[in-house]
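Structure record follows, encoded as structure tokens.
The values are calculated or read from the model by the stated rules, or taken from the named source; none is laboratory data. The shown structure was predicted, so the numbers you read here are calculated from the model rather than taken from an experiment. So basically every Cβ, Gly included, is an ideal-geometry build from the backbone, and we count neighbours across all protein chains shown.
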């Protein structure tokens with residue numbers, strides 16, 4: 001992989017563990033290995049809340065399960081405008097590092113929205129890109145119509161290599177829809193969104 005930093009991204013069958021190791025067997029460099037960052041993603045413990053209501057005639061038990069991991073996985077994504085054909089499903093398909101697995105948008109003010117399907121407590125958004133926005137704003141909504149600003153980034157840090165990553169945390173909010181609005185990009189071709197991930201807090 002050209003560019004800096006390079007990225008190795010691997011999915012494995014989920015296991016319960018405390019320690020994670022990556023073993024290097026060989027490198028083409030005479031100087032050895034240079035590790036910039038190691039990230040591990042998985043499923044946090046699932047929280048289950050059970051509420052029991054008793055009346056004189058009936059007993060009703062409601063169980064609410066709080067999911068863990070990427071809430072946007074496989075969910076419906078929409079965009080303001082499309083460039084180079086519709087590839088909306090690729091925004092949430094889990095593939096981050098393939099040049100063919102992305103949705104392109106034109107330059108100017110654009111946005112990407114993911115419908116999580118139901119209301120969750122959300123506090124983090126990760127977006128993997130080919131061409132990045134130089135400024136953007138994150139919004140949430142419960143109905144897809146009224147939006148609340150959660151974080152504004154007027155000058156995003158640039159990152160070389162493919163894919164790039166924008167990772168933003170914000171005060172947790174109850175919402176069903178998450179939007180990232182792009183205000184500008186340094187590329188004449190627009191924006192290239194490889195993957196959008198949303199996590200609960």
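Residues to consider are 142, 131; find the one that is at pLDDT 95 or above, more than 15 Å from residue 75 (Cα to Cα) and touching a strand residue (DSSP E or B) at 6+ places or on another chain (Cβ under 7 Å).
Numbers: 131 fails: at pLDDT 95 or above.
The unique qualifying residue is 142.
Of everything in the range 95-117 that's closer than 20 Å to residue 169 by Cα and either at pLDDT below 95 or touching a helix residue (DSSP H, G or I) at 6+ places or on another chain (Cβ under 9 Å) (or both), which residue is surrounded by the fewest Cβ atoms within 10 Å (Cβ to Cβ)?
Filtering first and then ranking leaves 96.
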Considering each residue of the range 184-201, count those that are farther than 24 Å from residue 85 by Cβ and buried (at least 17 other Cβ atoms within 10 Å of the Cβ), and give that number.
3
Using the structure shown, decide if residue 123 is surrounded by fewer than 19 Cβ atoms within 10 Å (Cβ to Cβ) and not in a loop (DSSP other than H, G, I, E, B).
yes
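For the range 142-201, how many residues are outside any strand (DSSP E or B) and within 13 Å of residue 130 (Cβ to Cβ)? Spell out the reasoning first.
Step one: list which residues in the range 142-201 are outside any strand (DSSP E or B), which gives 142-147, 154-163, 186-190, 201.
Cutting the leftovers down to within 13 Å of residue 130 (Cβ to Cβ) gives us 159-163, 186-187, 189-190.
So the count comes out to 9.
Can you pull out every residue in the range 95-112 that is more than 15 Å from the chain's Cα centre (by Cα) and not in a loop (DSSP other than H, G, I, E, B)? Steps first, please.
Initially, the range 95-112 is screened for residues more than 15 Å from the chain's Cα centre (by Cα), giving 98-100, 104-110.
Within the range 95-112, 104, 105, 110 qualify.
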Filter the range 145-173 down to the residues that are out of contact with any strand residue (DSSP E or B) (no Cβ under 9 Å at 6 or more places or on another chain) and in contact (Cβ under 8 Å) with a residue 40 or more places away in the chain, then identify the one that is surrounded by the most Cβ atoms within 10 Å (Cβ to Cβ).
161
Given the conditions (1) over 24 Å from residue 178 (Cβ atoms); (2) at pLDDT below 85; (3) in a loop (DSSP other than H, G, I, E, B), every one holds for residue 26 apart from (2)
Provide a single number: the residues in the range 51-94 that are assigned to a loop (DSSP other than H, G, I, E, B) and either within 18 Å of residue 179 (Cβ to Cβ) or modelled with pLDDT of 90 or more (or both).
16
